[in-house]
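Throughout, read-outs are computed from the coordinates displayed, never taken from laboratory work. This structure is a prediction, so every number in the text was calculated from the model and none was measured. FYI the Cβ positions are ideal-geometry reconstructions off the backbone, even for glycines, and counts take in every protein chain you see.
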Amino acid sequence: MMIKIRLIVLFVLMAVVASCSRQNRILIEGKLEKPEKGYMYINKIDIDMPVRIDSVKIRKNGTFRLKIKAIIPEFYQLGITSRGFITLLAEPGEKISVIFRTELLSEEYSVTGSPGTARLMLLDSALSVTQTMIDSLRKVYNGVYGKPGFEDKEQELNQAYTRILKDQRMFNINFILNNLRSFASIKAIYQKLDDQTYVLYDPRDIQFMKIVSDTLNFYYPSSKQARALKSNFEQEKSRFYVNQLQQIAQNAPVRVLDPNLADLEGKRIALSSLKGKYVLLAFWSAASKDCVAENLELKKLYSKYKNRGFEIYQINLDLDENTWRRAVKFDELQWINVREDDPSDPKIAILYNVKILPANYLYDKNGEIIASNLHGRELQVKLTQIFGF
């Protein structure tokens, strides 16, 4: 009886091990309806570069079989060097079947057993339909250009083009919201109608990049794809804020973007008076531990670069003036330190869209904003690029 129990336990353990093994691999079986001698290759897409991970000889009947280890969803390329590759979005535990029907592998093929790949194919299909519609409009436009009634027809065609763009954008947005945990949403974010036009063309669409980034990094913190998306989002967010400020600068009087505030001695100093230098416009509060800590780092950078044309114009937002004065003197902050005229109504901070402290904007010698919210190592790297050491 004891032997039987031990055997049952052993079989259960073996079954569990086998199941775990299957869950940590991807099986790909396929067939070329127009077979050729050679090898089927599979590459893993490492951010934006394919890395060869395996290959298998194609059988005489055109079939092939690949097993690859996997612990998280990944993008892969499957194909033959001379006949092209297709993209798969495969997950651990999947058994995928691929059939290639033409000489050019990507021209006509089918994939089953891979929901992620099906999502990629859906995105490609929808985009292809949109591109065909746009091509049709262009042909009509070229056909009527310069002919009688062209102006009325042009307006009609432009409206139709705008509707097509909006429809494709909404398709991608709905796709993202319905597939937040799928890496296919990364493709939905970066899809392009052509070399110059993203499907998500509205600057506010950056919010969808954030939603996808937050979701994928939560569920797959070890994924290089998820981490790269997060890094790209931070860059795009910074660019978005800079563009907002530049638009404000174009539409508002110059004086609005030129803080002119009083320092500890009561002397008013305008930011514009510092043209010719690289200036870090920084917002802070002595009540913020993060601001105080950053000031200690800024002291090192200021000492290193101040004689090379670097200045700091720091605006304080403390409600109590004495708190500001004590902090500047205690920490021996040697750069330009001024204070909002009325910190309870911080007009300058509102203008610069300051939401959290510390915050900063880096100006070049011409008084143009070239970066925002650089802290710690990021600021050090930027200054090293500017000053060469």
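Helix 115-144 and the longest principal axis of the C-alpha atoms of the chain enclose an angle of approximately 70°.
Using R₀ = 22 Å, calculate the FRET efficiency as 1/(1 + (r/R₀)^6) where r is the Cβ-Cβ separation of residue 177 and residue 107; round to 0.05. If you can, show how the numbers build up before the last one.
Details: r = 31 Å, r/R0 = 1.43.
Efficiency computed from Cβ-Cβ geometry: 0.10.
With axes computed from alpha carbons, what is the tilt in degrees of helix 321-330 against the longest principal axis of the chain, rounded to the nearest 10 within 0 to 90? Once rounded, the angle reads 80 degrees. Note that the chain, at 10 °C in a medium of 1.306 mPa s, gets a Stokes-Einstein diffusion coefficient of 61 µm²/s from its Kirkwood radius over C-alpha pairs.
So between residue 138 and residue 55, what do we pick up on full extension, going 0.36 nm a residue minus the alpha carbon distance? Mind showing how you got there, number by number?
On the way: separation 83, 0.36 × 83 = 29.88 nm, distance 4.34 nm.
Between residue 138 and residue 55, full extension yields an extra 25.5 nm.
In terms of distances greater than 32 angstrom between alpha carbons, the cross-link table entries 187/300; 210/329; 166/230 yield 187/300; 210/329. Helical runs assigned H by DSSP (4 residues or longer) give the chain a calculated mean residue ellipticity at 222 nm of -15000 deg cm²/dmol, each run adding -39500 (n - 2.57) before division by the residue total. Evaluated over the Cα positions of the stretch 25-113, the convex hull gives a direction-averaged projected area, one quarter of its surface, of 5.1 nm². Comparing 235, 131, 196 in a Gaussian network model of the chain (Cα springs below 10 Å), the most mobile by mean-square fluctuation is 196. Residues of the stretch 275-296 with amide nitrogen under 11 Å from the 7 Å Cα-to-Cβ point of residue 303? Under 11 Å, as judged by backbone N against the label point of residue 303, lies no residue of the stretch 275-296.
Per-residue extension of 0.36 nm, minus the Cα-Cα distance of residue 351 and residue 288, leaves a gain of 20.6 nm for this segment. In this rough spin-label picture, where each label sits 7 Å from Cα along the Cβ direction, the residue 240-residue 163 distance is 3.0 nm.
In debye, nearest 20: dipole of the chain around its Cα centre with unit charges on the Cβ of K, R (+) and D, E (-)?
Numbers: 56 positive and 45 negative charges, 393 e Å.
For the chain, the charge dipole is close to 1880 debye.
Residues 117, 102, 132, ranked from the fewest to the most other C-beta atoms within 10 Å, line up as 132, 102, 117.
Could you sort out which of 224/382; 44/224; 306/347; 31/60 sit more than 18 Å apart by Cα distance in this structure? Could you put the intermediate results ahead of the total?
On the way: 224/382 24 Å; 44/224 12 Å; 306/347 28 Å; 31/60 10 Å.
Violating the 18 Å Cα-Cα cut-off are 224/382; 306/347.
For the chain, find the longest principal axis of its Cα atoms and tell me its angle to the long axis of helix 289-305, 0 to 90°, nearest 10. So the helix axis and the longest Cα principal axis differ by about 80 degrees. Computed over the stretch 259-387, the P(r) curve from all C-alpha pair distances, binned at 10 Å from the origin, holds 12, 49, 35, 4 percent per bin. Remark: spin-label model distance residue 25-residue 202 equals 4.8 nm, labels positioned 7 Å along the Cα→Cβ axis. Over every Cα atom in the stretch 269-328, the radius of gyration and the widest Cα-Cα span, Dmax, amount to 12.4, 34 Å. With R₀ fixed at 22 Å, the C-beta to C-beta distance from residue 231 to residue 128 puts the FRET efficiency at about 0.15. Where both bridge residues fall in the stretch 259-387, DSSP classifies roughly 55% of the beta bridges as antiparallel.
Would you list 227, 138 from fewest to most Cβ contacts within 10 Å?
Details: 227 16, 138 12.
Exposure proxy ranking, most exposed first: 138, 227.
Largest first, the three principal axis extents of the alpha carbons in the stretch 118-249 are 61, 46, 21 Å in whole numbers. Short-range pairs are left out: with C-alpha atoms under 8 Å and at least six residues apart, the relative contact order of the chain is 10 percent. For the chain, DSSP calls about 70 percent of its internal beta bridges antiparallel.
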